[in-house]
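Here's the structure, in structure tokens; my notes come after.
Bear in mind that the values in this text are calculations on the coordinates, not laboratory data. These numbers were taken from a predicted model, which means no experiment stands behind them. Because the Cβ atoms are built from the backbone with ideal geometry, glycine has one as well, and the counts that use them run over all protein chains shown.
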Amino acid sequence: MPAILTSRFLFGPGPSNCYPEATAALAYPVIGHLDPVFIERLDRTCAGLRTVWGTANARTLPLSATGSGGMEAAFVNTVSNGDVAVVAVNGLFGERMCEVARRCGATVVRVDHEWGQPVDAERVLAAHPNPKVIAAVHAETSVGVLSDIAALGAGKGDALLIADAVTSIGGLELLADEWGIDVGYAGTQKCLGVPPGLSPFTVSERAFERRIKDPRSWYLDIGLLGGYVGAASGARTYHHTAPVTMIAGLEAALDRILAEGLGAVQARHRAAGTALQAGLQEMGLELFAAEGARLPSLTTVRVPDGVDSAAVRSYLLEHFSMEIGSGVREFTDTVWRIGMMGPNAAPASVTLVLGALKEALAHA
């Protein structure tokens, strides 16, 4: 029988250490997905998601899917054969947007940027005169870069704006209505501090009215999901068996975040990211993402010349039970990704990571 880990400090780009309220809620008694108690819980969860999304959208809900499922839902409901999708690409998840849009039949206009640089809104908006959708990643997890979604929203014209907020929701400022986001998707495992498995999702009325009426996915059809959450008229229709335990965990984390105060939580994430980045530079390490566009929730740092990236990460895991992430694609061995998210966005975490990394480098 495999060993059961009792603790692990997760500072990578994947699942963060979770808020204890969220993990405690996973042990709640399992109730039916049609139980009135669960329906009330779902309603409270949707209300909390509206707050962290910065939206009044009625159709704001936790999709029964990971963030990648949220990405697919965003495109399958908005583009079909021949529709033009302009996609900003400054990292891995922008590339995935292109692939999902292509599989939905869209004509993809890809606007590439150097990895590590933020999205250039002017270039994206000028890429096509009349696209059906414009899509971009707010917080690009693969490179640790924050981009200006508001600038895209201000210039989108008749297009629908799709935004990936996986690594920003619950920890960074996110104002879907003010920024003009029409369809937004995220994940629970980053700043929200909840185990992976749900995708916080929001759809504007404008996007809902212009949705694909017969999308290629039944499961991710927002026309059907609207009845599942009772978003339009308050009436509910059965759609699928909801993951009741996961939604209990999300509700508990949202309650915890809102009790602290969303502004205070965002300030805590900013402070932790800023302190980590300053500490890394004081160690003589070079940050990867462009100055002025660095994510506080996920820091990318270049591996020093001559240092074995995998050996350092293994040392951290063995001696500190600490996981940081490698880079992706051509940066796999030359970049580290260090997350400060959820409960880990705290001064003690910064001190722990910097001290452990100094020791690991000394033994590299």
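Details
- With a Förster radius of 25 Å applied to the C-beta separation of residue 209 and residue 51, the computed FRET efficiency comes to 0.55.
- For the pair the range 249-282 / the range 25-43, the C-alpha centres are spaced 28 Å from each other.
- Estimated FRET transfer efficiency (residue 8, residue 130; beta-carbon r; R0 45 Å; 0.05): 0.35
- From largest to smallest, the equivalent ellipsoid semi-axes obtained for the range 32-175 from the alpha-carbon gyration tensor read 28, 17, 14 Å.
- Positive minus negative residues near residue 238 (Lys, Arg vs Asp, Glu; Cβ under 15 Å): -1
- Computed lengthening from residue 107 to residue 346, 0.36 nm per intervening residue step minus Cα-Cα distance: 81.7 nm
- This structure gives volume of the Cα convex hull per residue in Å³, computed directly, and of (i) 127; (ii) 138; (iii) 255 that value is listed as (ii).
- Extension gain (nm, one decimal) between residue 311 and residue 278, 0.36 nm per residue minus Cα-Cα: 9.5 nm
- Under 20 Å of direct C-alpha separation, and excluding same-chain neighbours fewer than eight residues apart, residue 358 reaches these aspartates and glutamates: 282, 286, 305, 308, 318, 323, 333.
- Ranking of 140, 359 by count of other Cβ atoms within 10 Å, fewest first: 359, 140
- Efficiency of FRET between residue 173 and residue 122 - r from beta-carbon atoms, R0 25 angstrom, step 0.05: 0.70
- Equivalent-ellipsoid semi-axes for the range 19-68 (Cα gyration tensor, √(5λ), whole Å, largest first): 20, 15, 12.
- Difference of contour (0.36 nm per residue) and Cα-Cα distance, residue 333 to residue 237: 29.6 nm
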